[in-house]
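Peer 1: Input: one structure, supplied below.
The values are calculated or read from the model by the stated rules, or taken from the named source; none is laboratory data. Since this is a predicted model, take the numbers as computed values, not measurements. No Cβ is skipped: glycine too gets one built from the backbone with ideal geometry, and neighbour counts run over all protein chains shown.
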Amino acid sequence: MNPAGQGGTWDRPLWRSLLPIGRDERTGGYRRFSFTPEGQACRDWFLVAAAERGLFAEADQNGNLWAWWRPAAATDAEAGAIVTGSHLDSVPDGGGFDGPLGVASAFLAIDVLAERGLAPVRPIGVVAFAEEEGARFGTACLGSRLLTGAVTPDAALALADEEGVRLGDAMAAAGLSPQAIGADPLRVGRIALFVELHIEQGSALAGLGAAVGVGSSIWPHGRWRIDFTGRADHAGTTRLADRRDPMLAYAATVLEARVAAAELAALATFGKVVAIPGASNAIASAVHAWLDARAPDGGRLSALVDRVIGAAEQAAMEQGVQVSHRRESFSPLVKFDAALRGQVVAALRTMGLTAPELGTGAGHDAGVLAAAVPSAMLFVRNRTGVSHSPAEHAEPADCEAGVAALAAVLEEFACR
């Protein structure tokens, strides 16, 4: 018998219909960026999935998508709602599971409950948050941060992508009203529980021999932009001693970040760098770099960032270049409520699923929502641990187990 208890959920058309959207045939990775044609195709997929299940679907003022399975006798359609979901956008050349697994599993879990003849006594919502990865506008979990008030409308509307397109203009082009963005306390206040299912972005579950896990915490993390400004010059005629090369200061900063992260048992990554003007035979005039820093606690994260910024300033002085920096996003340590975790683990146990608890260094919308509503996370085993890559993968049997786990949680909290 398969773990979902229904003869197979993962082989249904829902997941297969999403797979081609935004996939680059050359790399095998996905480019599903917010408010682009690929992003709109993902949103259309969500609306079709909701309509096929008879769910009421809507977009909120921040571009987040919602679908509702309402109790037959509900007087307030969304009050006391049990909400699940994740996101549909991707990092550049990302994998197909990061985010969409949680949204597809939410719809499939509703299928499982309906096939069992169950109906909600509390509203069940499916949500797809906008711009979770921050791949286009630079701020992770933007949709959930706007919803909860963690990011102000002014700060969001000041964001622009690499082509200079402002967030508001991109939203308007997608048929949304950027003037309306911002906190929505009424919507947040109607959520009694948010549970996010996500592929594990690591291999802890594989080592534990478990298909599904329950999130215990999310490391504090953030993104910092560091700009090095030097002087453009000729690569073939400028003496080494005469150069003001920002690339050297950047390189020294990267090396120190690795050393500091290792000493602090933290993580530091420079995954994006832009050299200006970007010619192979010219010394750059500027280097723009983005630091992703994560640590088990806030103290170590602060120490890590201080060391990296200090290294950048020292290297800039030595190379005769200028340096500036600013924080683009930050998420504090999140510890999911222990009592709620216990209830989730107990609900999974009724389905015969053993789910170990584990922390993660990856950020999620559940971490943002946790500051405003009771929140929990389910992780689905990733046997290789690879994520943010075309090689990201979860086995169908493990995805089935994830659907079963999510259905069990929805049954426990919304159908009894």
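Peer 1: When you scan segment 308-416 for strands (runs of 3 or more DSSP E) that lie fully inside it, which ones turn up with 1 or more residues that are hydrophobic (A, V, I, L, M, F, W, C) and modelled with pLDDT of 95 or more?
Peer 2: Answer list for segment 308-416: 322-331, 375-380.
Peer 1: Go through segment 261-289 and give me each residue that's crowded, with 16+ Cβ neighbours inside 10 Å and more than 29 Å from Gly236 (Cα to Cα).
Peer 2: If the condition is that a residue be crowded, with 16+ Cβ neighbours inside 10 Å and more than 29 Å from Gly236 (Cα to Cα), then Ala261, Leu264, Ala266, Leu267, Ala268 are the ones that fit.
Peer 1: Tell me which residues, restricted to segment 44-63, are surrounded by 19 or more Cβ atoms within 10 Å (Cβ to Cβ) and farther than 27 Å from Ala150 by Cα.
Peer 2: Answer for segment 44-63, where residues must be surrounded by 19 or more Cβ atoms within 10 Å (Cβ to Cβ) and farther than 27 Å from Ala150 by Cα: Trp45, Ala49, Ala50, Leu55.
Peer 1: Which of the following residues is in contact with a Gly (Cβ under 8 Å, 6 or more places away or on another chain), in the same structural domain as Ile283 (by TED's automatic domain parsing) and among the small types (Gly, Ala, Ser): Gly230, Gly215?
Peer 2: Gly230
Peer 1: Which residue, of Ala156, Ala170, Ala140, is buried (at least 22 other Cβ atoms within 10 Å of the Cβ), at pLDDT below 95 and of a type in the set (Gly, Ala, Ser)?
Peer 2: Step by step, each of Ala156, Ala170, Ala140 is checked, and only Ala140 is buried (at least 22 other Cβ atoms within 10 Å of the Cβ), at pLDDT below 95 and of a type in the set (Gly, Ala, Ser).
Peer 1: Same structure, new question: Filter segment 258-274 for residues that are in contact with a Leu (Cβ under 7 Å, 6 or more places away or on another chain) and either outside the structural domain of Ala316 (by TED's automatic domain parsing) or in a helix (DSSP H, G or I) (or both); which is nearest to Ala135 (Cα to Cα)?
Peer 2: Ala261
Peer 1: May I ask you to say which residue of Glu412, Glu328 is closer than 19 Å to Arg225 by Cα and in contact (Cβ under 8 Å) with a residue 40 or more places away in the chain?
Peer 2: Just one listed residue meets the conditions, Glu328.
Peer 1: Can you work out which of the residues in segment 309-322 that are touching a residue at least 60 places away in the same chain (Cβ under 8 Å) and not polar (S, T, N, Q) is surrounded by the most Cβ atoms within 10 Å (Cβ to Cβ)?
Peer 2: So, considering only residues that are touching a residue at least 60 places away in the same chain (Cβ under 8 Å) and not polar (S, T, N, Q), the one surrounded by the most Cβ atoms within 10 Å (Cβ to Cβ) is Ala312.
Peer 1: If I ask for residues that are part of a strand (DSSP E or B) and either of a type in the set (A, V, I, L, M) or free of Cβ contacts under 8 Å to residues at least 40 places away in the same chain (or both), which ones from segment 283-307 would you list?
Peer 2: Ile283, Ala286, Val287, Ala289, Leu291, Ala293 - these are the residues of segment 283-307 that are part of a strand (DSSP E or B) and either of a type in the set (A, V, I, L, M) or free of Cβ contacts under 8 Å to residues at least 40 places away in the same chain (or both).
Rundown of residues vs (1) touching a Cys at 6+ places or on another chain (Cβ under 9 Å); (2) buried (at least 23 other Cβ atoms within 10 Å of the Cβ); (3) more than 26 Å from Leu88 (Cβ to Cβ), yes/no style:
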{"residue": "Gln343", "(1), (2), (3)": "no, no, yes"}
{"residue": "Gly352", "(1), (2), (3)": "no, no, yes"}
{"residue": "Pro356", "(1), (2), (3)": "no, no, yes"}
{"residue": "Ala372", "(1), (2), (3)": "no, no, no"}
{"residue": "Phe379", "(1), (2), (3)": "no, yes, no"}
{"residue": "Asn382", "(1), (2), (3)": "no, yes, no"}
{"residue": "Ala401", "(1), (2), (3)": "no, yes, no"}
{"residue": "Arg416", "(1), (2), (3)": "no, no, yes"}
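Peer 1: If you don't mind, there's one more thing I want to ask. I'd like to check something: does segment 89-104 contain any residue that is in the same structural domain as Glu200 (by TED's automatic domain parsing), of a type outside the set (A, V, I, L, M) and over 16 Å from the mean Cα position of the chain (by Cα)?
Peer 2: Checking segment 89-104: not a single residue is in the same structural domain as Glu200 (by TED's automatic domain parsing), of a type outside the set (A, V, I, L, M) and over 16 Å from the mean Cα position of the chain (by Cα).
Peer 1: Further question on the same structure: Please work out which one of (1) within 15 Å of the chain's Cα centre (by Cα); (2) crowded, with 23+ Cβ neighbours inside 10 Å; (3) not polar (S, T, N, Q) is the condition Gly134 fails and give its number.
Peer 2: (2) is the only condition that Gly134 fails.
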